[in-house]
Each structure stands twice: as structure tokens, then as C-alpha cells.
Amino acid sequence: MKRMLSVILLGMILGVMGFAQSDLQPAVIVRLTKSEPITVKQYRTEVERMEKQAGRPLDAAERRQVLDVMINERLAIQAAERDKITVSDNEITQQIQQLRASMVQQVGRQPTDAEFATAVRNETGLDVPAFREQLRRQLITQKYLLSKKQNLFNAITPPTETEIMNTYTLAKTNFIRPETVRFSMIQVPFGADSAAKTKAKDLADRLIREIGSNPAKFDEAVIRGQTPNSGYQAGDGGYLPRNLDAQQVVGPDFINTAFSLKQGEVSKLIEGPRGYQIIKVTETYEQKSLELDDVFQLGTRITVRNYIGNALLQERQQAVLERATQELVTELRTGNPFQIFENNLKW
């Protein structure tokens, strides 16, 4: 019996060791300036991350594309190290801060570290330290690309007035601003359970009784809602267009209520998807066919002319970026500075 157990345990140990050795085997050896492996584990982890983002398994061609991207990145980073191109921690932190600032616009406040980590994990499948490392590698690759292909990027010219006008003429029917309101909002979040929702309803009822239809009382409640431990959130709700996309986000009751109000009027209590809401309309805009010098995005100074010009310029920049990237990849791969181990790519 003891001999049988020993045989079984030995088989299990050898099986685990075999799996570990398989994970550590190279999928590729990159050797532009030094010998650097991409292990089977690293390759499989990246494929699984891409599959999770796609919500489906990758086929053989897509898996090979993932491997090609990993090879290209290693080649670029080795070349950047050779040419002494680096990225500082401060540059990475600045990129992180820009991402956090974009979250502020979405949630209406500075996200906590936990909220930011969750957003990063949901978007990329990475924890924050791994995401910082990914950013570092991306920034180094971008710097190297710009240093080697600066002449292509310098040759990009902005669109002419004639090109902007021709684009506007062709797409004029798309430049229609729907009926839109800007609003200020008080929201009492539901909470995590039925007891919390009942408590939220009590607070929302108290607020609506206090405010009534009085805009000044509403503004006072908004100011209180911006202090700690108020129990509710309050502030500018931004611009709300009257269309199906907006209705899918805020719900039909919210849309119908918002567009039934005149500027300065306070709403009834609304039950939204995440909390109880009271709104006051602060600006109203009728539906309008936009001309070139009309503001394209409310709340900004971006005109239709600016929007079209920026879009045309971005198209040119993207085309040059793709050309520069392909040229650089071709140059880095010249002479086959890597070896792929085909037998190790299957699992």
C-alpha cells in the first residue's frame, strides 16, 4: 500500500514539474541586442487576457497575431535600450493621472485607489503594477518610433479650408444638434440592499418636501450635497440630448421629466437606475442644423469647423502612424533576430 502511494505521489510531482517546465519553455527567443525569451506562460497569459477582453477564444491566426505583437514590442524595447531611450517614473505617473482625470468626468469626483484599480482591471485585465509596466513598455515603444520616423510625422499637414468645406458639404445632414438641456442634479444612491434603499427613499422624500418647486431651495440642497457625509450626491449633471442613446442611459422617465421642464424649474422625485433623483434645468437648446462656425460640442469652444479639421488631421496621423509602424517592424525584423519554437505554441 505504501509503495502504491509513493508511486502515485511521484507521478503527481512529476506531472506538476512537467507542467512547470512546459510553462518556462520559450515560445520565442528575441535576440536583437541580447537573448531574451518570451516564455510559454507569458504567451499563454497574454492570449488568455485577449480572449477575456474579446469574450471568446482566439483562433490560431489571432493567437499568432498576439505573438507577433509581443515579438515586435521586445524588438523595439531592445532597440530603444541600445539607443538609450528611456521613460521615467514621472512620465508613467503623468499618464496614470490623465486616466484618473478622465474618470473624474465619468463619476463626477476623484476616484478612490480601489475604484481606479477596479476600472483598470475591468478594462485591461491587469492589476495596477502590471498596468504601470505595460504603460512603461508602450511609452518606450512610442518614443522609439517617433525618434526613428520623425520625418514622416513632421510631413503631416493640417487640412485646408477647402477640404474642411468639402467634408462638411458631404456630411451636412449629420451635423444636427438634437434638443438638449443642461441640468443640475441631486441623487440619493440606493445602497447595497433593501434596507439601504428604504433609508435612501426617506432622505429623498425629505429633500423633495424641503425643496418643493423652489429653485433657491434646490441650490441650497446642492451645496449641502457637496459636503462630506451629506448622504447624497449633487452638482452639475452636464448636457442631456433628447435621443435614444441618452434614454437608454438615464431611462425614459428621466428624459420625459427633464424635457417637460422650463429653464430654472425643479422636477418631481425621479427613481433612476442607481438612485432617487431631483433635477433643475439650467440651460435649454432647441434642435438645430449646425453651420461651420456653430459650437459642435456644448460646453466647449469646439466648432463644427474645428471638429472636422481635427477629424481629418487625426485620419492623416493614423495613416502615418500605421506606415511608420510597419516600416519600423520590417526594419527590426530584418535578419530574423528572433527564433520561434513552433512545438511549444500549442496547449
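Each value in this text was obtained by applying a stated rule to the coordinates, not by laboratory testing. If you're wondering where the values come from, they're calculated on a predicted model, not measured in any experiment. So basically every Cβ, Gly included, is an ideal-geometry build from the backbone, and we count neighbours across all protein chains shown.
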>> Within region 177-221, list the residues whose amide N lies under 19 Å from a label point set 7 Å along Cα→Cβ of Arg242.
In response: 177-184
> Can you give the angle from 0 to 90° between the axis of helix 161-171 and the longest principal axis of the chain, with both taken from C-alpha atoms, to the nearest 10?
Replying inline: 70
>> Given R₀ = 56 Å, what would the calculated FRET efficiency be for Asn154 paired with Ser22, taking r from the Cβ atoms and rounding to 0.05?
In response: 0.70
>> Using a Cα-Cα cut-off of under 17 Å, which lysines could be cross-linked to Lys288, ignoring same-chain neighbours fewer than 8 residues away?
In response: Lys172
> Using the Karplus equation 6.51 cos²θ - 1.76 cosθ + 1.60 (θ = phi - 60°), what ³J(HN,Hα) coupling, rounded to whole Hz, does each residue of region 261-277 give in order, writing x for Gly and Pro?
Replying inline: 8, 8, 4, x, 7, 9, 7, 6, 6, 10, 9, x, x, 10, x, 8, 10
> 222 nm [θ] for the chain, helices only, -39500 (n - 2.57) per DSSP H run of 4+, per residue, to 500?
Replying inline: -19000 deg cm²/dmol
> Tilt of helix 194-211 relative to the longest C-alpha principal axis of the chain, in degrees (0 to 90, nearest 10)?
Replying inline: 40
> Residue by residue, what Karplus-based ³J(HN,Hα) values in Hz, rounded to whole numbers, does region 173-181 have, using 6.51, -1.76 and 1.60 with θ = phi - 60° and x for Gly and Pro?
Replying inline: 5, 7, 8, 10, 7, x, 3, 9, 10
>> In the chain, once you exclude exposed trypsin sites (Lys or Arg not before Pro) (DSSP loop, at most 13 other Cβ within 10 angstrom), what's the longest stretch remaining?
In response: 110-261
> By how many nm would the segment from Asn90 to Glu286 lengthen if fully extended, with 0.36 nm per residue of separation less the alpha-carbon distance?
Replying inline: 66.0 nm
> Relative to the longest principal Cα axis of the chain, at what angle does helix 304-333 sit, 0 to 90 degrees, rounded to 10?
Replying inline: 10
> For Val28, which sequence-distant residues (separation of 5 or more, or a different chain) have an amide H within less than 5 Å of its own amide H, given hydrogens modelled in the peptide plane?
Replying inline: Ile38, Phe341
